[in-house]
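In what follows, a single structure is set out as structure tokens and then discussed.
Any read-out appearing in this document is the output of simple, stated calculations on the displayed coordinates, not a laboratory observation. These numbers were taken from a predicted model, which means no experiment stands behind them. Because the Cβ atoms are built from the backbone with ideal geometry, glycine has one as well, and the counts that use them run over all protein chains shown.
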Amino acid sequence: MIRPDVVLYGEALDPEVMEDAVAVIGAADVLIVGGTSLNVYPAAGMLRFFAARRWC
């Protein structure tokens, strides 16, 4: 079976990839988000890790 290197609907995301994303977003000085309606989680929830650092 050939499997694409994507996460399909209903599949869990790799926890290590999510932890890395949180770390990178949290350390970013600028965050540009494009190509999304920000209605799909967990990607939409990643913005809070950028915003949280700004207002502490």
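The table below lists the values:
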item: Folded to 0 to 90 degrees: helix 15-27 orientation relative to the chain principal axis, Cα; result: 20 degrees
item: The chain, dipole about Cα centre (Lys/Arg Cβ +1, Asp/Glu Cβ -1), debye to the nearest 20; result: 300 debye
item: FRET efficiency estimate (nearest 0.05) - Cβ-Cβ, Ile32 to Ala12, R0 30 angstrom; result: 0.65
item: P(r) tail fraction, the chain - alpha-carbon pairs more than 15 Å apart, %; result: 57 percent
item: Environment charge of Ala43, counting only residues whose C-beta is closer than 15 Å and scoring Lys/Arg +1, Asp/Glu -1; result: -3
item: Among Pro42, Ala21, Leu31 the positive-end extreme of the charge dipole of the chain (Cβ point charges); result: Leu31
